[in-house]
Amino acid sequence: MSEESKLQEFRTTIECLKKVDAPLKLVIAGNHDFTLDPPMFKKKLAEARLDVNDDAVQREYGNYGQARRLFEDAKHDGIMLLDEVHTPHQQTTGHSSTTLK
């Protein structure tokens, strides 16, 4: 989904997904999307010897959890970021399935 896990990359992805004519758009984070996983984001910053409060970090990556909040805010557009928690989902066809949330 992203190449560098930057906020602007996620904003662009969300804007593209909003244009898709589907009631549900499922998003699966990839290995480059580390800011969606706060513990991994903290680890990456520590490895790079950067502080989350650094102006450049704030501008490009945001605070812990900020990237995830972008997707939380996009739920009303049918965009769902899949996590490791299993959630039942009732489809409009009457079938039910379990998705990761």
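Worth pointing out:
- Rg over Rh, two decimals, the stretch 7-100 (C-alpha only, Kirkwood Rh): 1.04
- When only Cα pairs below 8 angstrom with a gap of at least 6 residues are kept, the chain shows a relative contact order of 29 percent.
- Look at the dipole of the chain built from charges on Cβ: of T13, V52, G94, the Cα furthest out on the positive end belongs to G94.
- For the stretch 7-100, the share of DSSP beta bridges that are antiparallel, to the nearest 5, is 60%.
- Computed from label points 7 Å out along Cα-Cβ, the spacing between K75 and K43 is 2.7 nm.
- Scaling against 2.2 N^0.38 Å puts the C-alpha radius of gyration of the stretch 26-71 at 1.11.
A short reminder: the numbers here are calculations on the coordinates, not readings from a lab. Here the structure is a predicted model, which means the values were calculated and not measured. Don't worry about glycine lacking a Cβ; one is built from the backbone with ideal geometry, like all the others, and counts go over all protein chains shown.
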